[in-house]
Amino acid sequence: MRKLRAGIVGGGQGAFIGAVHRIAAELDNEARVVAGAMSSDPEKAKASAAAWHLERSYDCYETMAAEEAAIEGGIDYVIIATPNNLHLPVARAFLEAGIHVVCDKPLASTLDDARELGKIVASSGKLFALTHTYSGYPMVREARDFVASGRLGDLRKVQVEYNQDWLMEPLEREGNKQAEWRTDPARSGVSCCVGDIGTHAKHLVEFVTGRKVQSVCAELTSFVEGRRLDDDASMLLRLEGGARGTLVCSQIACGEENALNIRLYGTKAGLEWRQMKPNTLKVKPAGKSWERFRSGGGYLGEAAARATRTPAGHPEGYLEAFANIYRDFMADVRRAAAGEPALCNYPGIEDGIRGMRFVEAAVASSGNGTIWVEV
């Protein structure tokens, strides 16, 4: 089998996530990024492509989609690493050209755009993956199996938090490109913090528990004076099956780097996972000593064992989790080429649409006096 050929839109010099996508896509030696439209600035696009040693560089994504679909040896799939408002038009261009898509989250800048993209994906017949990276960690997949097996008992309570401090100061007014677009309603959408990291926390809840968030009661705040979008949020959650939860996300939490943590409590046991200590899953059986499960151990379930890449005792990190999403997606690209059905063992278009419903429900709840709003 040949290596798959990937392209990228966005992710040029000065971007945070573009290089992460490339490393993840290439980690298993299954693919190579060969083409890109890496910036809306032609000179920056050219320089970014040269720095990555890409074979082909384009000034705009429309030209890239058309030409890659037409040439022999064109790309098999494209990576979208742009601000949120470009996700829909870029994805449309490549899907309609017959090219599979991997898109950064959230799915779009509005729920209407997300729904439209859902229709385009369905009519195209092409694969679509959304990079909710944290579902790629081995111990997150072990936690999911633990809940599904019934060892937790009946789920009662979920607590998830995702705290950072990088937007404590008005970086958007100091030339920080990442802060500029995330706090700009025209490019980010109706939310900054909830759209950027709250969607990760919500997806983690649904992935691990297997239950959808049905409604939210949210308070969104912009602590930095003059900031147009939220930089902090606190929410109550109601889940399918009667479980209740809390979700806290913040980008002004002083001293926090990337503190994504989840705790579940059932009638038989509780469990806890922390992204900054990703190898460990704590299980808390009723009336017994706590147990600690570690990635790399022979006792892990199939999903966790398959996602484990490093020897026992070595950290399973963000890049490896990201690469697990890509590995499952690329396996489906090969299945599609062989005329076989896709397994879709990765977040997809429906996860993205639900994520946008969640964002807009949280914004609506907060804007109407912190009331309960259905997701």
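Only aspartates and glutamates eight or more places from K284 in sequence, or on another chain, were considered; those with a Cα closer than 15 Å are E142, D154, E272. For region 4-126, taking the reciprocal of the average inverse distance between every pair of different Cα atoms yields a Kirkwood hydrodynamic radius of 14.2 Å. Neighbour counts of C-beta atoms inside 10 Å place W166, W290, W273 in the sequence W290, W166, W273, starting with the fewest.
State, as an integer percentage, the relative contact order of the chain based on alpha-carbon contacts under 8 Å between residues 6 or more apart. Contact order relative to length: 19 percent.
Taken one residue at a time, the phi angles of region 318-332 give Karplus couplings (6.51, -1.76, 1.60, θ = phi - 60°) of 4, 5, 5, 5, 4, 5, 5, 4, 5, 4, 5, 5, 5, 4, 6 Hz. Gly and Pro are set to x. Placing +1 on the Cβ of every Lys and Arg and -1 on the Cβ of every Asp and Glu, with nothing else charged, gives the chain a dipole about its Cα centre of roughly 1460 debye. Relative to the longest principal axis of the Cα atoms of the chain, the long axis of helix 42-51 makes an angle of roughly 70 degrees. Each of E161, E67 was scored by other Cβ atoms within 10 Å of its Cβ. Arranged with the fewest first, they read E67, E161.
State which entries of K212/K282; K119/K268; K44/K212 exceed 30 angstrom in Cα-Cα distance in the structure shown. Checking Cα-Cα distances, K119/K268; K44/K212 exceed 30 Å.
Only beta bridges with both residues in the chain are counted; by DSSP, about 60 percent of them are antiparallel.
Each of A37, C192, G266 was scored by the projection of its Cα onto the charge dipole of the chain, and the greatest displacement toward the positive side belongs to G266; charges sit on the C-beta of Lys, Arg, Asp and Glu. When the chain is treated as a GNM with alpha-carbon contacts under 10 Å, the residue of V78, V213, V224 showing the greatest mean-square fluctuation is V224. Each of S222, S365 was scored by other Cβ atoms within 10 Å of its Cβ. Arranged with the fewest first, they read S222, S365.
If only the Cβ of Lys and Arg carry +1 and only the Cβ of Asp and Glu carry -1, the dipole of region 4-126 around its Cα centre is close to 200 debye.
Each reported figure results from applying straightforward, stated rules to the coordinates on display, with no laboratory input. This is a predicted model, so every value here is computed, not measured. Reconstructed Cβ throughout: ideal geometry from the backbone, glycine too, with neighbour counts over all protein chains shown.
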